[in-house]
Structure formats: structure tokens, C-alpha cells
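Engineer: Take a look at the following structure, please.
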Amino acid sequence: MHKVDLRKIYNFYPLDQKADPGNLPTGGDVYYECHECRGIVSSVTFIKAACECGNLEGNKGEVTVKEPARVTVVRGRLK
Ligand SMILES: [Zn+2]
């Protein structure tokens, strides 16, 4: 799988409010950071993307989150 290190391109900032694990926000600048492996996946990724441990798996504009409680929602800004 093609792997992009988003941390090289973006700075990530936690959201002001704690996200509801049952209803994670999505958006063009919203990313999910996995607690287990520190992987980051865009909440609206259109390319196949996953974190190392498989908690986050995205494709075609949607991300499947296996354990939302182990995810931090962050906002990405281009460096
Ligand atoms: Zn992970």
C-alpha cells in the first residue's frame, strides 16, 4: 500500500471539544489519530488508507473506525 506520512505535510491540532465516539466529525481538514499506533487517516480519504494496527481504515470518502474511543479527532493544517 502506498504510504504517505501526513505528519510531514500537516500540523495536527486536537479539536476544542471532545468528539462523541459514536458520531465522529468528518471534514476536509479533519483527521483521526489512532492511539495505538499513532497513525493518522483523513476522515474523508478518497485513497485507500489505514493505520498500522488496523483501527482506522478508509477509502472512497469514508473511514471505518473499529474503536472510536481509541481515536483522537484532530484538525490538519498544511505546514
Ligand atoms: Zn492504529
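Engineer: Normalised by the number of residues in segment 5-70, what is the relative contact order in percent for Cα pairs under 8 Å and 6+ residues apart?
Structural biologist: Rounded, it is 23 percent for segment 5-70.
Engineer: Using the Karplus curve 6.51 cos²θ - 1.76 cosθ + 1.60 with θ = phi - 60°, what ³J(HN,Hα) values do you get for each residue of segment 27-37, in whole Hz, with x for Gly and Pro?
Structural biologist: Here the 3J(HN,Hα) series is x, x, 10, 9, 10, 10, 10, 7, 6, 6, 10 Hz.
Engineer: Can you give the Kirkwood hydrodynamic radius for segment 6-78, in Å, rounded to one decimal and based on Cα pairs?
Structural biologist: Hydrodynamic radius (Kirkwood, Cα pairs) of segment 6-78 is 11.9 Å.
Engineer: From the backbone phi of segment 72-79, what are the Karplus-calculated ³J(HN,Hα) couplings (6.51 cos²θ - 1.76 cosθ + 1.60, θ = phi - 60°) in whole Hz, Gly and Pro given as x?
Structural biologist: So the J values, rounded to whole Hz, are 9, 8, 10, 9, x, 10, 4, 5.
Engineer: Sticking with this one: Label points 7 Å out from Cα along the Cβ direction at Gln17 and Asn59: separation in nm?
Structural biologist: It is 3.3 nm.
Engineer: Between Thr26 and Lys48, what is the label-to-label distance in nm when each label sits 7 Å out along the Cα-to-Cβ direction?
Structural biologist: 2.0
Engineer: For the chain, give the percent of accessible area contributed by carbon and sulfur heavy atoms, probe 1.4 Å, rounded to a whole number.
Structural biologist: The C+S portion of the solvent-accessible surface of the chain is 48 percent.
Engineer: Hey, rough spin-label estimate for Ile9 and Lys79, points 7 angstrom out along Cα→Cβ, what's it come to in nanometres?
Structural biologist: Result: 1.3 nm between the two label points.
Engineer: By average Cβ neighbour count within 10 Å, what is the ranking of 6-18, 62-74 from highest down?
Structural biologist: Top of the packing list down: 62-74, 6-18.
The values are calculated or read from the model by the stated rules, or taken from the named source; none is laboratory data. Quick caveat, the model's predicted, so the values are computed rather than measured. Neighbour counts are summed over all protein chains in view; Cβ atoms, including those assigned to glycine, are modelled from backbone coordinates with ideal geometry. These accessible areas exclude ligands, DNA and RNA; they are computed on the full protein's heavy atoms, side chains included. Shrake-Rupley method; radii C 1.70, N 1.55, O 1.52, S 1.80 Å.
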